Amino acid sequence: MAKIVMGIGSSHSPILLMKPPAWLVRGATDDQNRHALHDDTGTRVSYSELLAKADPAILNEITPEKLEQRHAQNQAAIARLAELLSEAKPDMVVIIGDDHKEVFQEDNMPALSIYWGETLPYEPKGIMKWKYDPDLDQELWYPQGARDYPVATAHAERLIRGMMTDGFDVAQSKYFKDGQTMSHSFGYIYHKLMTDGAVPVIPVTINTYYPPNNITPLRAYQIGRSIRQQIESWDEDLRVAVVSTGGLSHFVVDEAFDREFLEKLALGGEQLHANLPLERLQSGSSEVRCWSLLAGAVDGMEMSLIDYVPCYRSPAGTGCGMAFATWS
């Protein structure tokens with residue numbers, strides 16, 4: 001019988017692929033943030049409003065020494081996740097991510113979609129084009145060579161059919177249009193976590209960012225539970241890992257929210273996801289839904305928190321709360 005042997009949750013922010021000087025370059029543009037800034041109530045605010053209310057102690061979080069410490073923590077956590085994924089030796093990986101209009105546009109924005117083409121295309125020109133720092137370290141940043149990655153096509157089709165019988169309306173795609181590429185939420189996994197080489201994947205995308213059909217955390221949890229149920233119904237002796245990326249709080253760091261979420265996540269069950277206040281899941285913080293989906297797939301397994309790293313990049317408290325965890 002197929003079995004989920006491991007779950008991984010990880011942030012996928014560009015901060016994880018940049019050295020600290022580039023964080024500050026990015027932070028210097030946050031007064032023009034196109035995704036919008038929100039305070040700890042979920043209210044949309046300007047950068048100047050954030051700055052006016054910011055704790056002066058945040059300045060201690062953006063010293064060169066503190067930034068280097070946070071960078072080292074991030075890289076150590078990523079390396080540990082890659083090591084544990086390698087040790088798990090999965091035959092297949094279900095990837096959970098969200099799309100930032102790299103694949104889906106306003107003409108078609110599904111709440112839930114599964115890709116089941118023969119290969120998953122990677123095209124660096126479409127993966128988070130970076131315009132803020134011309135001196136970006138290319139060894140950390142997304143690889144520049146185009147390539148295709150293997151997809152567990154037959155099992156992806158079976159998953160789609162099975163989830164439909166479970167009552168989920170799954171959008172599906174077998175290829176991308178010209179100019180489209182996988183979401184950077186998937187590219188991060190290939191670049192930073194699958195360091196021993198790619199294994200066949202089932203790419204699952206949920207809409208976290210874009211109203212009006214971004215799914216609720218509870219619905220995401222239920223989708224994850226369906227994914228687990230379908231995998232465990234397969235007769236083959238398969239070791240399956242589920243890897244989800246996104247979040248936590250951004251583009252304004254909210255340590256209290258992040259830490260409480262992680263503490264309750266470790267307890268398991270659906271109540272956390274049913275109770276998450278939607279008004280707090282704005283902009284980048286919306287990606288918490290990816291963790292909710294993962295939670296449904298690994299419920300009953302034991303969570304181990306590798307690290308939580310609040311990565312500030314401006315005196316106004318902008319940045320991203322980075323989280324790294326496993327389930328086994």
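Quick notes on this structure:
- Number of the exception - Leu50 against (1) buried (at least 18 other Cβ atoms within 10 Å of the Cβ); (2) at positive phi: (2)
- Wholly within the stretch 66-128, strands (runs of 3 or more DSSP E) carrying at least 1 residues that are among the aliphatic types (A, V, I, L, M), touching a Lys or Arg at 6+ places or on another chain (Cβ under 7 Å) and at pLDDT below 95: none
- For the stretch 1-43, the set of residues classified as β-branched (Val, Ile, Thr) and not in a helix (DSSP H, G or I) consists of Ile4, Val5, Ile8, Thr29, Thr41, Thr43, listed by residue number.
- Single unsatisfied condition, Val243 versus (1) closer than 23 Å to Ala77 by Cβ; (2) out of contact with any strand residue (DSSP E or B) (no Cβ under 7 Å at 6 or more places or on another chain): (2)
- Qualifying residues in the stretch 83-99 (those that are over 30 Å from Tyr210 (Cα atoms) and touching a Leu at 6+ places or on another chain (Cβ under 7 Å)) - the one surrounded by the most Cβ atoms within 10 Å (Cβ to Cβ): Leu85
- Which numbered condition Gly162 misses (of (1) crowded, with 20+ Cβ neighbours inside 10 Å; (2) modelled with pLDDT of 95 or more; (3) farther than 16 Å from Thr119 by Cβ): (1)
- Evaluation of Glu68 against the conditions (1) surrounded by 14 or more Cβ atoms within 10 Å (Cβ to Cβ); (2) touching a residue at least 12 places away in the same chain (Cβ under 8 Å); (3) more than 19 Å from the chain's Cα centre (by Cα) shows that the sole unmet condition is (1).
The values are calculated or read from the model by the stated rules, or taken from the named source; none is laboratory data. In this text the structure is predicted, and so the values were computed from the model without any measurement. All Cβ positions, glycine included, derive from the backbone under ideal geometry; neighbour counts span all protein chains shown.
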